[in-house]
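Student: Following this message is one structure expressed as structure tokens.
The values are calculated or read from the model by the stated rules, or taken from the named source; none is laboratory data. Since the structure is predicted, the reported quantities are computational estimates derived from the model, not experimental observations. Cβ sites come from the backbone with ideal geometry, for glycine too, and all protein chains shown count toward neighbours. These area figures cover heavy atoms from the full protein model, side chains too; ligands, DNA and RNA do not enter into them. Shrake-Rupley method; radii C 1.70, N 1.55, O 1.52, S 1.80 Å.
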Amino acid sequence: NLSAGISLKFSSISESKRFYSQALKAIEFGQRYNTHIAFFEDFRLSIISDSIISQYDLTDFCHPAVIQLINFDKQNGTDLLDTLKNYLYYTNSPNEAAKVLCIHRNTLFYRINKIKDMTEITLNNAEEISKLYISIRLLEINDRLV
């Protein structure tokens, strides 16, 4: 039952306390996810998420379009949020996103245009894209996407 937590790289021994804390946090999250070797960098978003939910409702940090799509998907039995997630993840490869979703590329673009029309997002700047993607990932990490 040996576990190892690996911090970010550091070069100054005076910073060892900070990086030791990272290693301990990595072990904590590694145990949650049943892994014996845990890298701090792999759990950054989970650590941020834990900090948020200790004080706030997670949905307070979600882009309104994400909440709108969750509700629409629940009411209509669609997968528009998953479409958006994969479109954002494979930002430079819509063919790969379509492949992962098991749909035709044209269907992907049809869905993305539908999402844009419904939610009034543009997907033409990094800030909007990152807010959307981080919202989706935070909900996934906390098993809030059903």
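Student: Name the single residue, out of those in region 72-126 being β-branched (Val, Ile, Thr) and not in a loop (DSSP other than H, G, I, E, B), that is farthest from Leu138 (Cα to Cα).
Tutor: Residues of region 72-126 that are β-branched (Val, Ile, Thr), as a first pass: 78, 83, 91, 100, 103, 107, 112, 115, 119, 121-122.
Now restrict to residues that are not in a loop (DSSP other than H, G, I, E, B): 83, 100, 107, 112, 115, 119.
On the way: Thr83: 17, Val100: 21, Thr107: 27, Ile112: 21, Ile115: 20, Thr119: 19 Å.
Once the filter is applied, the top-ranked residue is Thr107.
Student: Is at least one residue of region 17-40 assigned to a helix (DSSP H, G or I), open to solvent by less than 40 Å² (accessible area, probe 1.4 Å) and in contact with a Lys or Arg (Cβ under 8 Å, 6 or more places away or on another chain)? Write out each step before concluding.
Tutor: Within region 17-40, the first condition is being assigned to a helix (DSSP H, G or I), and the residues that meet it are 17-32, 40.
Imposing the further condition that a residue be open to solvent by less than 40 Å² (accessible area, probe 1.4 Å) reduces the set to 19, 22-23, 26, 29-30, 40.
Now narrow it down to the ones that are in contact with a Lys or Arg (Cβ under 8 Å, 6 or more places away or on another chain): 40.
There is at least one residue in region 17-40 that is assigned to a helix (DSSP H, G or I), open to solvent by less than 40 Å² (accessible area, probe 1.4 Å) and in contact with a Lys or Arg (Cβ under 8 Å, 6 or more places away or on another chain).
Student: Asn34 is checked against (1) without any contact (Cβ under 8 Å) to a residue 24 or more places away in the chain; (2) under 19 Å from Arg137 (Cα atoms) and fails just one. What number does that condition carry?
Tutor: Condition (2) is where Asn34 drops out.
Student: All but one of (1) farther than 15 Å from Tyr89 by Cα; (2) outside any helix (DSSP H, G or I); (3) open to solvent by less than 70 Å² (accessible area, probe 1.4 Å) hold for Asp143, so report the exception by its number.
Tutor: So Asp143 meets the others, but not (3).
Student: For Thr107, which of the numbered conditions (1) among the polar types (S, T, N, Q); (2) farther than 30 Å from Arg32 by Cα; (3) surrounded by fewer than 13 Cβ atoms within 10 Å (Cβ to Cβ) fails to hold?
Tutor: Among (1) among the polar types (S, T, N, Q); (2) farther than 30 Å from Arg32 by Cα; (3) surrounded by fewer than 13 Cβ atoms within 10 Å (Cβ to Cβ), Thr107 violates only (3).
Student: Being over 17 Å from Ser46 (Cα atoms) and open to solvent by less than 70 Å² (accessible area, probe 1.4 Å) is the filter here; which residues of region 1-16 pass it? So that I can check it myself, show each step before the final result.
Tutor: Step one: of region 1-16, the residues over 17 Å from Ser46 (Cα atoms) are 1-4, 9-16.
Those that are over 17 Å from Ser46 (Cα atoms) and open to solvent by less than 70 Å² (accessible area, probe 1.4 Å): Ser3, Ala4, Ser12, Glu15, Ser16.
Student: Could you grab me the full set of residues in region 49-87 that are among the aliphatic types (A, V, I, L, M), touching a helix residue (DSSP H, G or I) at 6+ places or on another chain (Cβ under 8 Å) and surrounded by fewer than 17 Cβ atoms within 10 Å (Cβ to Cβ)? If you could, list the steps in order and put the result at the bottom.
Tutor: Going residue by residue through region 49-87, those that are among the aliphatic types (A, V, I, L, M) are 52-53, 58, 65-67, 69-70, 80-81, 84.
Next, from what is left, pick out any that are touching a helix residue (DSSP H, G or I) at 6+ places or on another chain (Cβ under 8 Å): 52, 58, 65-67, 69-70, 80-81, 84.
Correct list: Ile52, Leu58, Ile67.
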